[in-house]
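Novice: To start, I am sharing the structure in question, which I have written as C-alpha cells.
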Ligand code: 2DT
C-alpha cells in the first residue's frame with residue numbers, strides 16, 4: 001500500500017467512452033441503456049453524439065448527409081473535425097467535473113468514412129490530432145450484410161451496402177489492440193452485459209485519476 005500525502009491527491013474525473021460501428025449496428029439503443037445503468041450506480045453521465053447537428057457547422061454537415069448540398073470530400077471531412085473541435089473544451093470541462101460522456105461516433109468515424117471514399121488515412125487523421133483520446137473505444141462488430149437484413153437503411157448519403165463494406169474495412173485497418181470489440185450479432189441483453197462491464201471498469205479507472213491523453217500523437 002502506498003501512503004499518499006494530501007498534496008498528492010489524485011484528480012478524479014469522468015470517463016470518455018466512444019461507441020463506434022456501422023450504421024444500424026445497435027449503438028444508439030445500447031447508448032440509452034448505458035445511461036440508465038450508470039445513473040443507477042450513482043454516476044453523472046451525458047450522452048453525446050457526433051456529428052452534433054445542432055451547431056452551425058453541424059447544420060452544414062446535416063444538409064450534406066441528407067443530400068441537400070454537395071461538398072468536396074476533404075471539405076466535409078474538415079467540417080466533421082471542426083464539429084469535434086468546437087466541443088472540445090466543453091468536453092474536457094465536463095470530464096473534469098466528474099461527468100462521464102458516452103459518445104456515439106468520434107474521430108474513428110471521421111477517418112473510417114472519409115478514407116472509405118479514398119482519402120489518405122494520414123491526411124484524415126491530421127486534423128484530429130490533439131482532440132481528447134477516449135478512455136475506451138467500443139466497436140459493435142456486425143457485417144454490413146447482417147446490418148442490411150435488420151431492416152435496411154434510411155435515405156442518407158452513406159447508407160448503402162457497398163459503401164458500408166468499405167467502411168467496415170477502414171474500421172478494421174484503424175482499430176488497435178486497445179479497442180473493445182463486441183459481437184453486435186448477440187442479443188441486445190448479451191451486448192448490454194458486455195458493455196456494462198467495459199464501461200464500469202473504465203469509469204473506475206478515471207475515478208482513480210487516470211490522466212488525460214490526446215489523439216494520435
Ligand atoms: P449518424 O447517422 O450517426 O448521425 O452519422 N460520419 C460521422 C463521418 O463521415 N465523419 C465523422 O466524423 C462522423 C462523426 C457516419 C452520420 C454519418 O456521418 C458519418 C454516418
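Where a number appears in this text, it was derived from the coordinates with a stated rule and is not lab data. Bear in mind that the values here come from a model prediction, so they are computed numbers and not experimental data. Neighbour counts are summed over all protein chains in view; Cβ atoms, including those assigned to glycine, are modelled from backbone coordinates with ideal geometry.
Novice: Could you work out how far helix 161-174 tilts from the main Cα principal axis of the chain, as a 0 to 90 degree angle to the nearest 10?
Specialist: 40
Novice: Once you put a point 7 Å from the Cα of residue 173 and another 7 Å from the Cα of residue 10, both along the Cβ direction, what distance in nm separates them?
Specialist: That separation, rounded to one decimal, is 3.9 nm.
Novice: Once a ≥ b ≥ c are taken as the square roots of the eigenvalues of the Cα gyration tensor of the range 157-201, is the result rounded (a/c under 1.5), prolate (a/b larger than b/c) or oblate (a/b not larger than b/c)?
Specialist: Details: a/c = 3.18, a/b = 1.61, b/c = 1.97.
It comes out oblate by the Cα gyration axes.
Novice: Additional query: With the Cα gyration tensor of the range 1-117 giving a ≥ b ≥ c as the square roots of its eigenvalues, does the rule (a/c under 1.5 for rounded; else a/b larger than b/c for prolate; else oblate) give rounded, prolate or oblate?
Specialist: It comes out prolate by the Cα gyration axes.
Novice: Among 81, 143, which comes first, then next, by fewest other beta-carbon atoms within 10 Å?
Specialist: Result, fewest neighbours first: 143, 81.
Novice: Moving to a separate point now. By its C-alpha gyration tensor, with a ≥ b ≥ c as the square roots of the eigenvalues, how is the range 99-171 shaped: rounded for a/c under 1.5, else prolate for a/b larger than b/c, else oblate? All intermediate terms of the calculation are to be shown ahead of the outcome.
Specialist: Numbers: a/c = 2.30, a/b = 1.35, b/c = 1.70.
Cα axes put the range 99-171 in the oblate bin.
Novice: I'd like the orientation of helix 27-40 relative to the chain: the angle between its Cα long axis and the longest Cα principal axis, in ° from 0 to 90, rounded to 10.
Specialist: On a 0 to 90 degree scale, this one is about 20.
Novice: Determine, from the Cβ-Cβ distance of residue 121 and residue 63 and an R0 of 22 Å, the FRET efficiency 1/(1 + (r/R0)^6), rounded to the nearest 0.05.
Specialist: 0.25
Novice: Next up: What list do you get for 162, 145, 20 if you sort them by fewest beta carbons within 10 Å?
Specialist: 162, 145, 20
Novice: Given 0.36 nm per residue, what is the gain on full extension from residue 39 to residue 214 after removing their alpha carbon distance, in nm?
Specialist: Net length gain for the segment: 60.3 nm.
Novice: Another question, then. Go ahead and run the numbers for FRET between residue 157 and residue 204, Cβ-Cβ distance against an R0 of 41 Å, rounding to 0.05.
Specialist: The value I calculate is 0.55.
Novice: So what's the back-of-envelope 222 nm ellipticity for the chain, counting only DSSP H runs of four-plus at -39500 (n - 2.57) apiece and dividing by all residues, rounded to 500?
Specialist: -15000 deg cm²/dmol
Novice: Moving on to the next point. For the range 115-217, take N as its residue count and report Rg(C-alpha) divided by 2.2 N^0.38 Å.
Specialist: 1.26
Novice: What area, in nm² and to one decimal, does the C-alpha convex hull of the chain cast on average over all directions?
Specialist: One quarter of the hull surface, i.e. the mean projection, equals 13.2 nm².
Novice: Now for a separate question. Among 50, 113, which comes first, second and so on when ranked by fewest other beta-carbon atoms within 10 Å?
Specialist: Placing the least packed residue first, the sequence is 50, 113.
Novice: Next question, about the same structure. Pairs of Cα atoms under 8 Å, at least six residues apart: use those to get the relative contact order of the chain, whole percent.
Specialist: Working: 321 pairs, mean separation 75.4, N = 217.
The value is 35 percent.
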